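A.B. asks: Right, I'll just put the structure down here and ask away after.
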Amino acid sequence: MGTSPTNSPTAAPTPNIVIVGGGFAGLAAAKHLKHTPANITLIDRRNHHVFQPLLYQVATAAISPADIAAPIRGALRDVRNCHVVLAEVTRVDLARREVMLDSNAALPYDYLILACGATHSYFNHPEWEAIAPGLKSLEDATEIRRRILLAFERAEYESSEELRRAALTFVIIGGGPTGVELAGAIKEIAATTIPRDFRNIDTTTTRVVLIEGGPKLLPAFAPELGDRAKRDLERMGVEVLVSARATDVTANGVRIHAQGAGQAADQFIESQNVLWAAGVKASPLGAALVGDATAPALDHAGRVIVTPNLSLPNHPEVFVVGDMAAATSAHPGKSSQPKPVPGVAQGALQGGAFVAKLIARELQSATSPSTAAASRPAFVYRDKGSMATIGRAKAVAEIGALKLGGFIAWALWGGIHVAFLINYRNRLSVLAKWFWNWLLFARDARLIMQPRAHESRGDTSSRTLSP
């Protein structure tokens, strides 16, 4: 990981660029530094990159985990100046310019790109996480899939009608794209995929409740698209509660406080299946940037507040991109105020590419980060649109002034998501499975994977059932 050997004692050492995170931003940065005369080290605690926009499809048994993931080493095999390290970063010493790993090893850097993403936020209720899993990783997706499928298995041989109804009730907290997509997919599974698979229950009676704290679903979209998503979900049989928030989450259900017209102000929904899609917080590594009195400030979500060029104030050699950064986008030629960069895949991809190009230009001109900082351009985020799928031939899309719904939006959503998968094998596999699912209303990835230690935890969800 050190400097490259050289025959000349006066030759400048090869600079070290360390990238933390193998998500969209980290991979984009590494690939754009492919021809840069530098040693690049990419660190991630997992060996694979995950296409997060399709995680919900794994969680709802439409596709398998390998369809949306690829080994990081394989993705970067052509970036010959990049070394991949499977490890977890515990802290960053800004003063010493070192990244500390969980093995106690220290990696020096000349430039550092932090792209560690985000995790779930339970709004000061960490005890809810065990009851209501979120969706940020393949492990999350397979756990949610396990819980969804086990719910029907439990209901099949449940003698108590009250407990059977609770087993067939799903509550999703959060009405953003993930919540909308999960709600529609679970209702489709119950209504069209598995009714003939069970003998003692009618899966079409499954209750799916979607709770959104704000007045509209999909708050980042145009209001009319949020209204359309609500209508489509309700036609599918999903109960949508807006202006409602969860005040307590227990193993027996969710207590909510609602302010919308026609809704009970306080109610308790009995459910054995609660899923979390309400909030995110940045990687905790932002709070582990230490070493001197100029450690960066964090916003309310734990994101690192960066300069317009995505670097740290007082540390121009360190960049933070993607969901981990509280970044703004400039507007060239306009006097309007910069706008926050949304926490979406495109923001991460564009941010990773932007900082990589800055670093490459500075290395080419042999300019130090402190000297170059004053002349760096501001990051400009180019919004390429937002999309969310609701169900079979149902989706919404907002691309500039164009607002679409229904089959056209659904086809556009599918085409764009397939195009951005990391390799051709994944694209072909996903296309083939989507076509099969469309043709036969099938979801063939319905595998219940038990946690390895479920017996030692007293997990009774896998006990032998008898009629």
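The values are calculated or read from the model by the stated rules, or taken from the named source; none is laboratory data. Being a predicted model, the structure only gives us computed values, none of them experimental. Reconstructed Cβ throughout: ideal geometry from the backbone, glycine too, with neighbour counts over all protein chains shown. Keep in mind that these areas ignore ligands, DNA and RNA; they rest on the heavy atoms of the full protein, side chains included. Shrake-Rupley method; radii C 1.70, N 1.55, O 1.52, S 1.80 Å.
A.B. asks: Taking the Kirkwood radius as the inverse of the mean 1/r across Cα pairs, report the Rg/Rh of the chain.
C.D. replies: Radius of gyration relative to Kirkwood radius: 1.00.
A.B. asks: Going Cα to Cα from Lys230, which lysines come in below 19 Å? Please leave out same-chain ones fewer than 8 positions away.
C.D. replies: In chain and number order, the partners are Lys187, Lys216, Lys394, Lys403.
A.B. asks: At R0 = 25 Å, how high is the FRET efficiency between Ser365 and Ala95 if r is their beta carbon distance? Nearest 0.05 is fine.
C.D. replies: For R0 = 25 Å, the calculated efficiency reads 0.45.
A.B. asks: Taking 0.36 nm per residue of separation and subtracting the Cα-Cα distance, what length does fully extending Thr204 through Ser103 add?
C.D. replies: So the extension gain works out to 31.3 nm.
A.B. asks: Arg77 versus Leu428, label points 7 Å from Cα toward the beta carbon: distance in nm?
C.D. replies: Each label point is offset 7 Å from its Cα along the Cβ direction, giving 1.5 nm.
A.B. asks: What FRET efficiency comes out for Asn314 versus Asp248 if R0 is 35 angstrom and r is the Cβ-Cβ distance? Round to the nearest 0.05.
C.D. replies: 0.25
A.B. asks: On the protein heavy atoms, probe 1.4 angstrom, tell me the percent of accessible surface of the chain carried by carbon and sulfur.
C.D. replies: 54
A.B. asks: A follow-up question, please. Straight-line reach from Lys281: which lysines have a Cα under 21 Å away, not including same-chain ones fewer than 8 places off?
C.D. replies: Leaving aside lysines fewer than 8 places away in the same chain, those within reach of Lys281 are Lys136, Lys339.
A.B. asks: Quick check: pseudo-label points 7 Å beyond the Cα along Cα→Cβ at Trp436 and Ala130, how many nm apart are they?
C.D. replies: 3.8
A.B. asks: Still on this model: Please compute the modelled spin-label separation between Arg45 and Lys357, points set 7 Å along Cα→Cβ, answer in nm with one decimal.
C.D. replies: 3.3
A.B. asks: If you don't mind, there's one more thing I want to ask. Hey, what number do you get for the chain at 222 nm if only DSSP H runs of n ≥ 4 count, each worth -39500 (n - 2.57), divided across all residues, to the nearest 500?
C.D. replies: Taken over the chain, the calculation gives -8000 deg cm²/dmol.
A.B. asks: Packing-wise, with mean Cβ within 10 Å as the measure, how do 430-442, 401-413 rank, highest first?
C.D. replies: 401-413, 430-442
A.B. asks: Could you calculate the FRET efficiency of Lys34 with Glu88 from 1/(1 + (r/R0)^6), where r is the beta carbon distance between them and R0 is 30 Å, rounded to 0.05?
C.D. replies: Approximately 0.70, to the nearest 0.05.
A.B. asks: Could you pull out every one of the aspartates and glutamates with an alpha carbon less than 12 Å from that of Lys433, ignoring same-chain neighbours closer than 8 positions?
C.D. replies: Of all the aspartates and glutamates, those that pass the test against Lys433 - Cα under 12 Å, at least 8 places apart if same chain - are Asp67, Asp444.
A.B. asks: Something else: Between the alpha-carbon centers of region 130-144 and region 197-263, tell me the distance in whole angstrom.
C.D. replies: For region 130-144 versus region 197-263, the Cα centre distance is 19 Å.
A.B. asks: Go through 51-57, 281-287 and give me the packing order, highest mean Cβ count within 10 Å leading.
C.D. replies: Ranked by mean Cβ neighbours within 10 Å, highest first: 51-57, 281-287.
A.B. asks: May I ask you to derive the relative contact order of the chain, considering only C-alpha pairs under 8 Å and at least 6 residues apart, and to give it as an integer percent?
C.D. replies: 18
A.B. asks: Let me ask you something else. Could you calculate the contour length gain from Ala265 to Asp444, that is, 0.36 nm times the residue separation minus the distance between their Cα atoms, to one decimal place in nm?
C.D. replies: 60.4 nm
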